[in-house]
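Working notes for the structure below.
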Amino acid sequence: MRDLAHIFRRLAVSDVVPTDAGERRSSFFPVWSYSNSARARGLRFGAALLASALLGSLFPQFSAPIRALFGAGEKAAEASAAKGAEGLVRLTAEQIAAAKIATVAAAPGVLTRDVVAPAVVSVDPDRIGRVAAKVAGAVAELRKKLGDPVEKGEVIAIIESREVADAKSDYLAAKVGLDLQSALFQREKGLFEKKISAEQSFLKARGAFEEAKLRVDLSRQKLAALDLSETEIAALPSQPVGELRRKEIRAPSSGKVIERRADLGQPVGGEGQTKELFVIADLTTVFADIAVAIADLPAVREGQSVRLSHDGEDEAEGRIVFIGPMLDHETHSGRAVASFANADFGLRPGTAMTARIALEEKSARLRAPRSAVLTFEGETVVFVRAPDGFVKRKVETGASDAESIEIVAGLEEGEQVAATNVFVLKAELGKSRLEGLD
């Protein structure tokens, strides 16, 4: 061993093997004498190969494990590289955008079991007002147009009516008569108390006074029946005579004018004449009439959540407020009514929509869109976003609803998965597998 090490050292430090100027030669391999460095390097390389072979043959117990170790490392590296590339679909950001592949983050959520049924948006009956002409006359003014906002109690029309003029005149006459009889009664009362007037005169004055009060009360009630407010009645004595025939029509509720059923100068309120001038609706809350199939009706309850959609896009979410006790034998369905907030007036009465009634809700640790989960080579997989594309990931799924699937294992919260056009990734992965078999 010492001689072999000595040879290695001599080979490592010698560039040439000198010849004798006095014929000096190396004692080892005397025929290998070179005068240039290239041949010296070749000599060192050959000696190293020879030494390696000698070392391996002399000490196999050391060289065999070393060779096995290096060979195993190379195989592990190759296996690791192959495993890293397996399931990877390489795509640039431009290619992903061109393929219209959208991603969604895996996140906790709620899964619902629901019933799908047709629905029609309608006006809330408690938020609709019909402006009626309670007196016979002709329309003198219409102060609102279709779509105009209206506040409760606001004057929206004027009717000129002989009936109103007569009722106001009767009230004013009764009021004057009451004032007169009140003065006479007070005079007779004072005389009677001073023993100047007879009791019979006092009683007669009191009867006339009470009769005048009754006439005023009756005429006031008649005006109230014609929809005059207490404020309007109190203002009658100071009202110009020409205004006595005019009747103000006020809005019974707030909302928007959705119908106008009279025109200027049109007779209203009489026999055979229209009695409605406007229809006002508050559309900040609307109803939806839902036709529920008989088979699904037992599972529907008041208070359940309902989502309305049109052309596949969600529009609003509300609650069931009423379930009809009767069935429609023509459609073989029951009636459910749901209430929806409509502050932006996006829901228009009369629109046909699709209603989803949530029957049951379950919390999920993680959920992903149904479109993100698919089967590949017998495994349930998703494609997870990676820096250089998407990687196929095997997952375990649980419960599901119409839109989402619960992910039990295989994903972490926040990981981005392909949710649209996933078939493109599946096709690319299958294509790369086939190319690998060639």
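The values are calculated or read from the model by the stated rules, or taken from the named source; none is laboratory data. Small disclaimer: the values here were computed from a predicted structure and weren't measured. Methodologically, a virtual Cβ is constructed for each residue, glycine included, from the backbone with ideal geometry; neighbour enumeration extends over all protein chains shown.
Is there any pair linking a residue in the range 163-192 that is farther than 22 Å from ALA235 by Cβ to one that is of a type in the set (Ser, Thr, Tyr), with Cβ under 6 Å and at least six apart or on different chains, and which?
From residues that are farther than 22 Å from ALA235 by Cβ, the pairs are GLU188/SER197; GLU188/SER201; LEU191/SER197.
Hey, among GLY255, GLY269, which residue is of a type in the set (Gly, Ala, Ser), closer than 30 Å to PRO125 by Cα and in contact with a Pro (Cβ under 8 Å, 6 or more places away or on another chain)?
Among GLY255, GLY269, only GLY255 is of a type in the set (Gly, Ala, Ser), closer than 30 Å to PRO125 by Cα and in contact with a Pro (Cβ under 8 Å, 6 or more places away or on another chain).
Pick out, from the range 370-438, the strands (runs of 3 or more DSSP E) lying fully within it that include 2 or more residues that are polar (S, T, N, Q).
Of the strands (runs of 3 or more DSSP E) lying wholly inside the range 370-438, those with at least 2 residues that are polar (S, T, N, Q) span 396-400.
Pick from the range 301-329 the residues that are surrounded by fewer than 12 Cβ atoms within 10 Å (Cβ to Cβ) and more than 17 Å from ALA402 (Cα to Cα): which of them is nearest to the chain's Cα centre (by Cα)?
Here the residue is GLY303.
Which of the numbered conditions does PRO298 fail, given that it passes all the others? Conditions: (1) within 30 Å of PHE345 (Cα to Cα); (2) in the same structural domain as SER333 (by TED's automatic domain parsing); (3) free of Cβ contacts under 8 Å to residues at least 40 places away in the same chain; (4) not aliphatic (A, V, I, L, M).
The single condition PRO298 does not satisfy is (1).
Looking at ALA291, ALA234, which one is among the small types (Gly, Ala, Ser), surrounded by fewer than 17 Cβ atoms within 10 Å (Cβ to Cβ) and under 30 Å from GLU330 (Cβ atoms)?
Selected residue: ALA291, the only one of ALA291, ALA234 that is among the small types (Gly, Ala, Ser), surrounded by fewer than 17 Cβ atoms within 10 Å (Cβ to Cβ) and under 30 Å from GLU330 (Cβ atoms).
Mind checking whether some residue in the range 274-281 is under 30 Å from ALA402 (Cβ atoms) and basic (Lys, Arg)?
Within the range 274-281 (the criterion being under 30 Å from ALA402 (Cβ atoms) and basic (Lys, Arg)), the answer is no, since none of the residues qualifies.
Where in the range 282-369 are there strands (runs of 3 or more DSSP E), lying fully within it, with 2 or more residues that are under 29 Å from VAL104 (Cβ atoms) and either in contact with a Phe, Trp or Tyr (Cβ under 7 Å, 6 or more places away or on another chain) or at pLDDT 90 or above (or both)?
Of the strands (runs of 3 or more DSSP E) lying wholly inside the range 282-369, those with at least 2 residues that are under 29 Å from VAL104 (Cβ atoms) and either in contact with a Phe, Trp or Tyr (Cβ under 7 Å, 6 or more places away or on another chain) or at pLDDT 90 or above (or both) span 305-310, 313-328, 333-341, 352-369.
So, restricting to strands (runs of 3 or more DSSP E) that lie completely within the range 107-222, which ones have at least 2 residues that are under 30 Å from ALA409 (Cα atoms)?
107-123
Quick one: how many residues across the range 105-130 are hydrophobic (A, V, I, L, M, F, W, C), at pLDDT below 90 and crowded, with 17+ Cβ neighbours inside 10 Å?
Qualifying residue count for the region: 3.
Check the range 345-362 and report whether any residue there is small (Gly, Ala, Ser) and touching a Gly at 6+ places or on another chain (Cβ under 7 Å).
Scanning the range 345-362, I find no residue that is small (Gly, Ala, Ser) and touching a Gly at 6+ places or on another chain (Cβ under 7 Å), so the answer is no.
Which of the residues spanning the range 370-379 are of a type outside the set (A, V, I, L, M) and either out of contact with any strand residue (DSSP E or B) (no Cβ under 6 Å at 6 or more places or on another chain) or not assigned by TED's automatic domain parsing to the domain that holds THR92 (or both)?
Residues satisfying the conditions are SER371, THR375, PHE376, GLU377, GLY378.
For the range 395-427, enumerate the residues that are within 22 Å of the chain's Cα centre (by Cα) and of a type in the set (A, V, I, L, M).
ALA402, ILE405, VAL417, ALA418, ALA419
Can you name the residue in the range 249-281 that is of a type in the set (Asp, Glu) and part of a strand (DSSP E or B) and, of all such residues, is nearest to ALA352 (Cα to Cα)?
Among them, the one singled out is GLU259.
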